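Chemist: Shown below is the structure under consideration.
Where a number appears in this text, it was derived from the coordinates with a stated rule and is not lab data. The model shown is predicted, which means the values in this text are computed figures rather than measured ones. Here the Cβ positions follow ideal geometry from the backbone for every residue, glycine too, while neighbour counts run over all protein chains shown.
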Amino acid sequence: MAKQIVEFTGLVLTRQNYRESDLLVKILTDRFGKKMFLVSRARKPGFRMNAGILPFTLATYVGDVRDPGLSFINTVKEAKQFQTISQDIELNAYATYILSLIDLAYPDGEAIPTWFALAQQALALIDEGYDAQVLTNIIEVQLLQAFGVQPEWRGCVICHRTDLPFDFSEAYGGLLCQNHFDRDPYRYHLDQRVVYWLRLFSVVKLDQINDITLQPATKRQLQVALDRIYQDMVGVVPKAKRFLNQMNRWHLPDDKPKA
């Protein structure tokens, strides 16, 4: 069993109880991808490394990283918890969903430094107060490739034109221009504003998020479109997504007449 004592940066993904007083902590690392760490006596009062294994924590660790098998944390050198996320149920749900998608998209042990950086950046922006749904939608669009779904967002999949109204087609795996709408009677019939944002989200950098403002109606339509893509083309619905959908239904306006 290969092992190495190394320093690395990690983002806590999940925790689960193990044995009487231990924890299994899955961490997305900057160097080794996702790793499962056995943290002995972590549920005992006064555990000295507790700050480094809390949910929504970014930390620098020194540990025994093994491949395959469980790894071990020896020391937590520096830890920062995303406090706003941890204290807000809605932001908590969005952040959990983002981390769940990354967890499902890649196997444990595969180095994914780009997605480590994006996950860290997305959670930092959510924690700072940027639009959590917009950030989540950007992650959803850009993560499709990792699930083996890579829609053509640049132009029409048939004629490659970029100057006409578009709609999304599952059958053709991307956009159809209006000259070819008749090719797919089951196309999504998306509002052009939604198409615009989907195309932009496929290439936008997260540090440009401060320039993005969407109307509530557009945000709802955008989420419906992405939910359909993930359900029909990806086939992945994490538990966090089901809770997020339920929570969003609670926030829908009450259309019943007021007494």
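Chemist: Cα-Cα over 23 Å: which of Lys26/Lys239; Lys34/Lys219; Lys219/Lys239; Lys44/Lys77?
Modeler: Lys34/Lys219
Chemist: A further question follows. Could you give the C-alpha radius of gyration of region 118-165 expressed as a fraction of 2.2 N^0.38 Å, taking N as the number of residues it contains?
Modeler: Normalised by 2.2 N^0.38 Å, the Cα Rg of region 118-165 equals 1.52.
Chemist: When averaged across all projection directions, what area in nm² does the alpha-carbon convex hull of the chain cover?
Modeler: Mean shadow area of the hull around the Cα atoms is 17.8 nm².
Chemist: With +1 assigned to the C-beta of every Lys and Arg and -1 to the C-beta of every Asp and Glu, and no other charges, what is the dipole magnitude of the chain about the Cα centre in debye, to the nearest 20?
Modeler: The dipole of the chain has a size of about 760 debye.
Chemist: Hey, got the Cα dimensions of region 2-81 along the principal axes, in Å, largest first?
Modeler: 30, 26, 18
Chemist: Between Leu70 and Leu200, what FRET efficiency comes out of the Förster formula 1/(1 + (r/R0)^6) with R0 = 51 Å and r the beta carbon distance, rounded to 0.05?
Modeler: 0.75
Chemist: Something else about it: Calculate the FRET efficiency for Gln192 and Met233 from the Cβ-Cβ distance with a Förster distance of 25 Å, rounded to the nearest 0.05.
Modeler: On the way: r = 21 Å, r/R0 = 0.85.
Step by step, r from the Cβ atoms, then E = 0.70.
Chemist: Report the FRET efficiency, 1/(1 + (r/R0)^6), for Asp184 and Glu128, where r is their Cβ-Cβ distance and R0 is 35 Å, rounded to 0.05. Don't skip to the end; give the middle numbers.
Modeler: On the way: r = 41 Å, r/R0 = 1.16.
It comes out at approximately 0.30.
Chemist: Measure nothing but the geometry: give the 0 to 90° angle between the long axis through the Cα atoms of 132-143 and the longest principal axis through the Cα atoms of the chain, rounded to 10°.
Modeler: Around 90 degrees separate the two axes.
Chemist: So, one more: Which whole-Hz couplings ³J(HN,Hα) result when phi for each residue of region 178-183 is put into the Karplus expression 6.51 cos²θ - 1.76 cosθ + 1.60, θ = phi - 60°, listed in order with x for Gly and Pro?
Modeler: Karplus values, whole Hz, x for Gly and Pro: 4, 5, 10, 4, 5, 6.
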